[in-house]
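Please read the structure below before turning to the comments.
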2 protein chains.
Amino acid sequence: MQNPVLVEVTRGELVESCHRGAFALVDGEGRLVAGVGDLDRPVFPRSAVKLLQAIPLIETGAAARFGLTDKDLSLACASHSGEPEHLRRAAAMLAKAGLDETALECGPEWPGEPEISRDMARRGETPCQLHNNCSGKHAGFLLTTVHRGETAAGYVGPNHPAQIRVKAVLEDLTGHSLNVDVCGTDGCSIPTYATPLRDLAGAFAKIVSGRGIEPQRAEAGQALMRACMAEPFEMSGTGRACMTMMQAAPGRVFVKTGAEGVFCGALPELGLGFALKIDDGAKRASEALAAAVLAKALETADAELSGVFSAMATAPLQNKRGTLTGEVRAVLPDL
Amino acid sequence: MQNPVLVEVTRGELVESCHRGAFALVDGEGRLVAGVGDLDRPVFPRSAVKLLQAIPLIETGAAARFGLTDKDLSLACASHSGEPEHLRRAAAMLAKAGLDETALECGPEWPGEPEISRDMARRGETPCQLHNNCSGKHAGFLLTTVHRGETAAGYVGPNHPAQIRVKAVLEDLTGHSLNVDVCGTDGCSIPTYATPLRDLAGAFAKIVSGRGIEPQRAEAGQALMRACMAEPFEMSGTGRACMTMMQAAPGRVFVKTGAEGVFCGALPELGLGFALKIDDGAKRASEALAAAVLAKALETADAELSGVFSAMATAPLQNKRGTLTGEVRAVLPDL
């Protein structure tokens, strides 16, 4: 099946580039409320399911034992920008279990935002593993591991209890057996399991609707979601899409980006979840489409808020002298 | 018409993302030697036609008058990386006509390569217009303008003699009238005219074959091409695709990247030109496809060199710990 063009990039009067993709917006029963494209092909969710991967941090009791705050929980679900506040909090989380940066196995990386990376260079800094956008998530894995009395080393491997717990949550909420045939290695070295968009969306719908999910698991997911919505800077970073979209509707929408053009999200008050992927992996397109999906989801429930996200689904493009040259715009078919 | 998938990005055993596109490989008579996808839809060539845009620098006599070397000519065709040598040369070219950085109208930009940008930040530098990847091309426009005794200010505008000369070359070599309906504003503020890939490829084939082109114009284009092939650092930058591909076959292939997934190129000894665009604008895909097109073009003429480019058409992907996670690979259909 051929996915349709969902995002166009214009220059002058012409469409210069275009992005194909698919999205699923589903309710707690798994019914498709809106969607387009191939929703049954397995796609790697990458960082868009960090909230699901953090559920064992709550369920094991590790978050309670180490007294994690909403900001800590948000960072445990983060693809953060590597800003100084993110680093300090990740280090503090590790310190709660007597660990430091050397326990991490995510690898070092320069922050992806050029200005943050240049700020570091100006200060003469080089990146360590705390700068990795996943360091908060990995700190969460390590706290869970320490709480359970497991050997921390190797916690990124698919057979370590930390990853087995994560896989069990994903299998429960998506309804798929996640085996080696759909397993890839993520940028931060943990397994990522390819799953159909329909079922990724369904996992988030289960959490917010409480349907088809154990009550304690729903509450764990909701607690993480409340934390992310209350403290979006910790799970994202200054000026970035997830933070901007959640700030536009405090407590009413959850969104999380993933590499290669993936987004997952939820609308708690509507009991809906969504998942999307741009075929070619482009971030500019996944961000425009995420805003358009939120606009679609809110169309009848809150036309005004829907309009806010609809406006975010088009972004102007400027050149180096500030001249408007075109735009990135989501173009959903009539659904 | 629907362009086919020409580049796949894998993770583990699965294809995670894919890129559609089109390419045309043509001879001096405009015959399609190989090609796939929609070759008749106008696409913005962006920086991939900088060599064509530099032809007036030769034809007006400005290059001879100001004593430009091969390195200068290569920089006049460049999307350079903003490395210190690029900046010094662009400034020196401007100085030949009594001008400095303030005469440029391309706008300032941080270099696109993160390491070069961080090196600048480490030295406490901020970008000026010389850092713009197009500063060499703009220096060429300005030298031509000064040589002709024209007012330099406004040289980026579509009605300035500098851009009228460029447009006349493009119209001559592509066989299209380039009017406002296919005109966009490029990143460096000059006009860019959307043109079918078939005819962009044809322009480069005319230059290297000498067919369907005035001899002086062919010689001007060939002089620029020889300069780029002899001095590929000046028209590209350390470790970048254009430089790497031209260094793999010195004097035998010319390639030039453009924004939004475009490449143009030529094989002088075969009298062939090519042009390609990735629908979604991804650089990783345009680079893999450019290597695959070169491999295809050389298939019968030089199997060994074809194999070198074929190998470049697949690039491994590593994560932050250096683990191999997948690859980017061109997947041409049987042609």
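Computed values, structure above
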| item | result |
| --- | --- |
| Long-range HN-HN contacts of B:Gly210 with modeled amide H, under 5 Å | none |
| Per-residue HN-Hα couplings for region B:67-73 [Karplus 6.51, -1.76, 1.60; θ = phi - 60°; Hz; x = Gly/Pro] | x, 5, 8, 4, 5, 5, 5 |
| FRET E, pair B:Gln318, A:Ala301, Förster distance 51 Å, beta-carbon r, rounded to 0.05 | 0.70 |
| Charge context of A:Asp70, other residues only, Cβ under 12 angstrom, K/R +1, D/E -1 | 0 |
| Estimated FRET transfer efficiency (A:Glu171, B:Asp40; beta-carbon r; R0 56 Å; 0.05) | 0.70 |
| For chain B, built as a Gaussian network whose Cα springs stay under 10 Å, the top-fluctuating residue of B:Asp181, B:Asp279, B:Asp70 | B:Asp181 |
| Choice from B:Pro108, B:Pro127, B:Pro316 showing the highest fluctuation, given a GNM over chain B with Cα pairs closer than 10 Å | B:Pro316 |
| In sequence order, calculated HN-Hα J values of region B:90-101 (Karplus, 6.51, -1.76, 1.60; Hz; x Gly/Pro) | 4, 5, 5, 5, 4, 5, 4, 10, x, 10, 9, 4 |
| log10 of Debye I(q)/I(0), alpha-carbon scatterers only, for region A:24-76 at 0.15, 0.16, 0.21, 0.32 Å⁻¹ | -0.63, -0.69, -0.86, -1.22 |
| For A:Thr195, distant residues with modelled amide H under 5 Å away | A:Val43, A:Phe44 |
| Nm distances between copies for A:Ala303, ranked from closest, using label points 7 Å along Cα→Cβ | 7.0 |
| Unmatched cysteines, chain A - criterion: no other Cβ of a Cys under 4.7 angstrom | A:Cys18, A:Cys77, A:Cys128, A:Cys183, A:Cys228, A:Cys242, A:Cys264 |
| Across the identical copies, how the A:Gly251 labels are spaced - nm, sorted shortest first, 7 Å along Cα→Cβ | 7.4 |
| Cβ-based charge dipole, chain A, positive-most Cα from A:Pro250, A:Leu73, A:Gly21 | A:Leu73 |
| For A:Gly154, inter-copy label distances in nm, listed shortest first [label point 7 Å out on the Cα-Cβ vector] | 7.3 |
| A:Asn179 paired with A:Arg65, simple spin-label distance in nm, labels 7 Å along Cα-to-beta-carbon | 3.4 nm |
| Pairs of lysines in chain B (C-alpha under 14 Å apart; 8 or more residues apart or interchain) | 7 |
| Percent RCO, i.e. relative contact order, over chain A, from Cα pairs under 8 Å lying at least 6 residues apart | 25 percent |
| Region B:141-218, dipole about Cα centre (Lys/Arg Cβ +1, Asp/Glu Cβ -1), debye to the nearest 20 | 220 debye |
| Region A:107-124 - phi-based ³J(HN,Hα) in whole Hz, Karplus 6.51/-1.76/1.60, Gly and Pro as x | x, x, 7, 5, x, x, 7, x, 5, 5, 4, 5, 4, 4, 4, 4, 8, x |
| Euclidean distance of C-alpha centroids, region A:261-315 and region B:268-299, integer Å | 36 Å |
| Inter-probe distance in nm under a simple model that places probes 7 Å from Cα toward Cβ, at B:Asp100 and B:Arg226 | 3.6 nm |
| Chain A: angle of helix A:161-174 to the longest principal axis, Cα-based, in degrees nearest 10 | 40 degrees |
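FYI, it's all coordinate maths here, none of it is from the lab. Model, not experiment: these values are computed from the prediction. Virtual Cβ from ideal backbone geometry, glycine too; neighbours counted across all protein chains shown.
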